[in-house]
Amino acid sequence: MSYAYLFKYIIIGDTGVGKSCLLLQFTDKRFQPVHDLTIGVEFGARMITIDNKPIKLQIWDTAGQESFRSITRSYYRGAAGALLVYDITRRETFNHLASWLEDARQHANANMTIMLIGNKCDLAHRRAVSTEEGEQFAKEHGLIFMECSAKTAQNVEEAFIKTAATIYKKIQDGVFDVSNESYGIKVGYGGIQGNATGRDASTSQSGACCG
Amino acid sequence: MDFVSGYKGVVGRVFGNDNATSNEDSYVERLLDRINNGTKAEDRRMALVELQSVVAENHSAQLAFGAMGLPVLLSVLKDERDDVEMVRGALETLVSSLTPLNHAKMAKIEVEPSKMNADLLSREVDNISLLLSLLAEDDFYVRYYTLQVLTALLTNSLSRLQESILAIPRGITRLMDMLMDREVIRNEALLLLTYLTREAEEIQKIVVFEGAFEKIFTIMKEEGGSDGGVVVQDCLQLLNNILRNNTSNQTLLRETLGFDPVVSLLKLRGVSYSFTQQKTINLVSTLETVNLLIASGPQAESGKDTNCMTNKTVLVQRKVLDHLLMLGVESQWAPVTVRCAALHCIGDLIARHPKNVDELASKVLGEEPQVELALNSILRIILRTSSLQEFVNADYVFKNFCENNPDGQRLLASTLTPQPQSMAHAPLEDDVNMSFGSMLLHGLTMSESDGDLEICARAASVLSHMLKDNAQCKEKAIKVELGATMQSMGTPEPLMHRMVKYLAVSFSMESKDGKSSGKADLYIQEMILKLLIIWLVDCPTAVECFLDARPHLTYLLELLSNQSATVCTRGLAAVLLGECVLYNKCIESGKDVYGIVDAISQKSGLTSYFLKFDEMQRNFLFSSKKLSGQHKPLTRSNGASMADIEDEEDDVSMSENRNDNEEHPILVSLFDSGFVALVGSLEANIRERFVDVYSNPKAKVAVVPAELERRSGETDGDYIKRLKSFVEKQCSEIQDLLSRNASLAEDMAKTGTRSEQKTSGPSERVQVETYRREVRAASQRLEMLKNENAKLENDVSMYQNLASKMESELKSLSDAYCSLEQANSQLDKEAKSLRSGGVTSYPDIEAIKEEVREEAQKESEAELNDLLVCLGQEQSKVERLTARLLELGEDVDKLLEGVGDDTGLPGDDDDDDDEDEEED
């Protein structure tokens, strides 16, 4: 369970754009065509590796419905990364991006990394938002952009990992004060020195608490 | 403000006419006015201090404060942040206004002012948001009091405050930050969060998002783990609140921190025989945590179930079993509550989880030379413990171990071999080297000598788990033969026969000792019957073994109609009999299906036989199964958990506390839903089988038309003989059928005659019973009324006597009055006559007269003197006038001549008068 860093993510966006399916694909590597409406917030976790360092991702998948907004806002501030998702086959979900972004800017910490995701790219025949539009929006607002499909798993790994890589780079650049956990980043045992030593450190640590 | 006016209405209603209140009102009002409008800072502070103390002590002041004070203090909190002292004072006053006063007077007043104040304060989200913002202040007391205000509000209006805090951005974050504050604040915050997270899934998740798990475990570690104090207990309460029924949070804990921190709390450090009460509570709370992680809820959602299965896997991987075995089995010093909870956790961990079952089976306890299988140790607990609760929980382990685990059952059953004769009566302490099966057999039989069958019943329960749904094990157990004991001299007897014997013995013991021969008897018979029922299910060999001894059947039939047996026992006996029919493959006459059915219908009658099923099904053990099946609700508050511990430790009181149906409470837990379902399905099958038996009698003589034909080469005589024997056989069969028919008819007839009370059976009887009870109650009431009536009559006569006495007294009084009046009038008359009769009668009247005369004399004398004086003066006047007249040449004598004659009065006076007239 040892990790170099722990990042907290949130997934936001309109209801029905496939947030929960993205999470399920990422954590369990499976797709569930019929998914219950998310109530409030659901949790998922997975370990990834960046720059040979184990990084734990804690992901909170939020309900897209308006009635849950006040609850889901509680999660913005403590998150290091956000996946802002829209559905490429439903134009209105793209149109609402601005309001989601405004919400995020208002409630999240300024350094939160936001990844814009156009989901359901497997449904190319029903596309209502072009890739270029997505790119354009991301560029205008300083977001990372990617189109992916929770159904085919295309780009799903990449989306989560690329976000993590961006956060990791920010840490390396000294943007964050990593000792302050309110940024959604936590330093694990010894991970910074590299993998092998990290494991040693963690074992000695656990040995200490047993004795 | 708007709400103030609304509030005043309430105040008016509650305290309308209380004069003291209005004093307090005006006092509080004056203080508030000083705070609000005062100009000198010192004076305002003083007023605030005064207000705080009066609100803290006085009930009506508290009420008055709520009506008028809140806006004032809120504005202090809002606009005077710089004045730390004022803010502190305002918060402290708020705390006081929300603290219930334990006053004797309180009982009379319906509305508690502290509650009303809390209601008022929590009504506005802005107020809560204001309070939360105060948590960012530097001053320690400001944060401390703020937390207290919030906790008070939470205890009064939980859901409203939960909603408000959820709606306030970063509200929960602020509260979570308090966990990292200095100790006093941190402890307050723990309590507050425990309230806040109660039954509020979204808050639980946010709290966890804010790192609650890390913080809680850090605090517990700092406080010394399970050896720590009440703070650890608070931490565990909070931990349990955020894990309870919250799959998302359970996943998060499992995926990030892991269960190690929980498991390590169960680890006993150092001297493991000292268990303070606090440590007991901490351990029980931790075991509750484990329980929350592994207990699938009543409504087993698929997602939730996989989650709890994963939790079980991970927990066992993290070596939780070792710690649980240490707490529940090995540690003799652990309080029985802890042991029971640990055993129950073990049971839950292995339930429907084959891997964990295997893990438990392979566990070995003890130090190297004296190692023993954990299962053996748990069996020993069952056989030896004095606590029924502990027995139930250990039994739960075996139940879950054997369920859907034929290999495990076989493993246990394979060791079912009796000990050599020398060991048969060895005390239990010598069982360390025994195999599981031997120990079990030992337990089954050892109590025979000392006449206490409780251990036997417990062992029977374990054996029933081992045999359940496992044909192989049943066969194995049937073959077990016990050596001859002192009582049953002669050949070895099968285990099953011994069990039936104990069943009979337990009844004879009960009837011998009277009713209360001990707490155990109440479940011994049921346990043994349960074992036999499970044993015979789907197992013709077992049925045959059971019927091998003719008295068994007779005994069961007697038990069926034994009125001293409980409803449950009779019902179970009926089920067992039914099994003898249902799974009967015997061909021997008397032991075959027809023999049994005939015996039942002759001895008991089919109607009353089936009635036993109905009665049992109506019993609470079967009907209210769903309610009792669940584990009892988990405690939250400290007080409740304390009470809980006391409850469980007090086994004796529990066993004495029988319910209305006079069933043993243990039965509730031992008759699990599986067994109840089994009995239900058996009953249906048995009914069906009976109908079958009667509608399709199996012919002993096969009628093959070809056989009736004369065979070729057969002589007439042979043919006739053959036919004759055939007819004889048929004749006897017809006889059989006739007799069965007769018994059925008889049963029918009996039913018919009793139909009025019996056809619809027990329900009517129940009604009759209630009627009877009502009649009894009514007659009692009548009796009471009669008594009352007699008493009233008594009273009446007494009062009558009293009245007549009074009357006579009154009469004599009035007589007396009359006579008095007469006397009075007489006196009156006398007085009148006396008055009219004059003074004569008075003797001193002369004296008075004398007196008056004297007085008059004196008066006249004085007058005379005066006259004399006057006369003298007149005389001298006359003389002087005479002299003057003489001078003037008048003849005085001549002048005076007429005077004397005119007046007729003597002398000198007349002269004077004349002279005066002359002068004029």
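The values are calculated or read from the model by the stated rules, or taken from the named source; none is laboratory data. Keep in mind it's a predicted model, so treat the numbers as computed, not measured. Please note: Cβ atoms are built from the backbone with ideal geometry, for glycine as well, and neighbour counts cover all protein chains shown. Remember, those area values only see protein heavy atoms, side chains included, never the ligands or the DNA or RNA. Shrake-Rupley method; radii C 1.70, N 1.55, O 1.52, S 1.80 Å.
Which condition breaks for A:I12 when tested against (1) among the β-branched types (V, I, T); (2) farther than 28 Å from B:K304 by Cα; (3) crowded, with 24+ Cβ neighbours inside 10 Å?
For A:I12, the exception is condition (2).
Name the residues in segment B:120-167 that are among the hydrophobic types (A, V, I, L, M, F, W, C), open to solvent by 30 Å² or more (accessible area, probe 1.4 Å) and over 17 Å from B:E201 (Cα atoms), would you?
B:V125, B:A136, B:F140
May I ask you to verify whether B:A484 is in contact with a strand residue (DSSP E or B) (Cβ under 9 Å, 6 or more places away or on another chain), at pLDDT below 90 and either among the charged types (D, E, K, R) or open to solvent by 10 Å² or more (accessible area, probe 1.4 Å) (or both)?
So B:A484 fits the description; yes.
Could you please find all residues in segment B:587-617 being open to solvent by less than 40 Å² (accessible area, probe 1.4 Å) and in contact with a Pro (Cβ under 8 Å, 6 or more places away or on another chain)?
Residues satisfying the conditions are B:L611, B:E615.
Quick test for you: out of B:M116, B:M180, B:M176, pick the one residue that is surrounded by fewer than 23 Cβ atoms within 10 Å (Cβ to Cβ) and touching a helix residue (DSSP H, G or I) at 6+ places or on another chain (Cβ under 6 Å).
Working: B:M180 fails: touching a helix residue (DSSP H, G or I) at 6+ places or on another chain (Cβ under 6 Å); B:M176 fails: touching a helix residue (DSSP H, G or I) at 6+ places or on another chain (Cβ under 6 Å).
That would be B:M116, the only listed residue that is surrounded by fewer than 23 Cβ atoms within 10 Å (Cβ to Cβ) and touching a helix residue (DSSP H, G or I) at 6+ places or on another chain (Cβ under 6 Å).
Does A:Q32 satisfy being open to solvent by less than 10 Å² (accessible area, probe 1.4 Å), within 14 Å of another protein chain (Cβ to nearest Cβ) and either outside any strand (DSSP E or B) or polar (S, T, N, Q) (or both)? Quick ask: steps written out before the conclusion?
On the way: open to solvent by less than 10 Å² (accessible area, probe 1.4 Å): no; within 14 Å of another protein chain (Cβ to nearest Cβ): yes; either outside any strand (DSSP E or B) or polar (S, T, N, Q) (or both): yes.
No; evaluated as a whole, the condition is false for this residue.
The rows are residues; the columns are (1) within 14 Å of chain A (Cβ to nearest Cβ); (2) open to solvent by less than 40 Å² (accessible area, probe 1.4 Å).
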| site | (1), (2) |
| --- | --- |
| B:P169 | yes, no |
| B:F217 | yes, yes |
| B:E223 | no, no |
| B:S248 | yes, yes |
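So is A:I39 closer than 28 Å to B:R318 by Cα, within 12 Å of chain B (Cβ to nearest Cβ) and of a type in the set (A, V, I, L, M) or not?
In short, no.
For segment B:254-292, which residues satisfy the criterion of being at the interface with chain A (Cβ under 10 Å from one of its Cβ atoms) and either among the aromatic types (F, W, Y) or in contact with a helix residue (DSSP H, G or I) (Cβ under 6 Å, 6 or more places away or on another chain) (or both)?
Answer for segment B:254-292, where residues must be at the interface with chain A (Cβ under 10 Å from one of its Cβ atoms) and either among the aromatic types (F, W, Y) or in contact with a helix residue (DSSP H, G or I) (Cβ under 6 Å, 6 or more places away or on another chain) (or both): B:R254, B:L257, B:P261, B:K267.
Inside segment B:136-167, can you point out the residues that are within 14 Å of another protein chain (Cβ to nearest Cβ) and assigned to a helix (DSSP H, G or I)?
Hits for segment B:136-167 are B:Q162, B:E163, B:S164, B:I165, B:L166, B:A167.
Quick check, is B:R198 surrounded by fewer than 22 Cβ atoms within 10 Å (Cβ to Cβ), over 33 Å from the mean Cα position of the chain (by Cα) and either of a type outside the set (S, T, Y) or more than 14 Å from chain A (Cβ to nearest Cβ) (or both)? Working first, answer last.
Details: surrounded by fewer than 22 Cβ atoms within 10 Å (Cβ to Cβ): yes; over 33 Å from the mean Cα position of the chain (by Cα): no; either of a type outside the set (S, T, Y) or more than 14 Å from chain A (Cβ to nearest Cβ) (or both): yes.
So B:R198 fails the test.
Please tell me if A:T203 is at pLDDT 90 or above and either in a loop (DSSP other than H, G, I, E, B) or within 14 Å of chain B (Cβ to nearest Cβ) (or both). Show your work before the answer.
Values: at pLDDT 90 or above: no; either in a loop (DSSP other than H, G, I, E, B) or within 14 Å of chain B (Cβ to nearest Cβ) (or both): yes.
Answer is no for this residue.
Answer with yes or no whether B:K205 is within 14 Å of another protein chain (Cβ to nearest Cβ) and touching a strand residue (DSSP E or B) at 6+ places or on another chain (Cβ under 8 Å). Steps first, please.
Numbers: within 14 Å of another protein chain (Cβ to nearest Cβ): yes; touching a strand residue (DSSP E or B) at 6+ places or on another chain (Cβ under 8 Å): yes.
Spelling it out, B:K205 is indeed within 14 Å of another protein chain (Cβ to nearest Cβ) and touching a strand residue (DSSP E or B) at 6+ places or on another chain (Cβ under 8 Å).
Keeping to segment B:337-375, report how many residues are of a type in the set (S, T, N, Q) and open to solvent by less than 10 Å² (accessible area, probe 1.4 Å).
2
For segment B:96-110, does any single residue satisfy the condition of being at pLDDT 90 or above and of a type in the set (A, V, I, L, M, F, W, C)? Don't jump to the end; show me each part of the working.
First pass over segment B:96-110, keeping only residues at pLDDT 90 or above: B:96-98.
Subsequent filtering for residues that are of a type in the set (A, V, I, L, M, F, W, C) retains B:98.
Within segment B:96-110, one or more residues are at pLDDT 90 or above and of a type in the set (A, V, I, L, M, F, W, C).
For segment A:42-69, give me the residue count where each residue is away from chain B (no Cβ under 13 Å), touching a helix residue (DSSP H, G or I) at 6+ places or on another chain (Cβ under 8 Å) and under 14 Å from A:G13 (Cβ atoms).
Looking only at that region, the number is 1.
Could you check, for segment B:8-23, whether at least one of its residues is surrounded by 14 or more Cβ atoms within 10 Å (Cβ to Cβ), among the hydrophobic types (A, V, I, L, M, F, W, C) and modelled with pLDDT of 85 or more?
No.
What number goes with the only condition from (1) part of a loop (DSSP other than H, G, I, E, B); (2) within 13 Å of chain B (Cβ to nearest Cβ) that A:T27 does not pass?
(1)
Take the residues of segment A:1-19 that are of a type in the set (S, T, Y), within 12 Å of chain B (Cβ to nearest Cβ) and not in a strand (DSSP E or B): which is farthest from A:N111 (Cα to Cα)?
A:S2
Taking the residues in segment A:75-98 that are open to solvent by 10 Å² or more (accessible area, probe 1.4 Å) and more than 10 Å from chain B (Cβ to nearest Cβ) as candidates, determine which candidate is farthest from A:R127 (Cα to Cα).
Here the residue is A:A98.
Tell me, which helices (runs of 4 or more DSSP H) wholly within segment B:408-469 include 2 or more residues that are modelled with pLDDT of 90 or more and buried (at least 21 other Cβ atoms within 10 Å of the Cβ)?
B:454-467
Exactly one condition in (1) within 14 Å of chain B (Cβ to nearest Cβ); (2) without any contact (Cβ under 8 Å) to a residue 60 or more places away in the chain is false for A:T72; which is it?
(2)
All but one of (1) under 30 Å from B:G437 (Cβ atoms); (2) of a type in the set (D, E, K, R); (3) at pLDDT 90 or above hold for B:E372; which doesn't?
All conditions pass for B:E372, except number (3).
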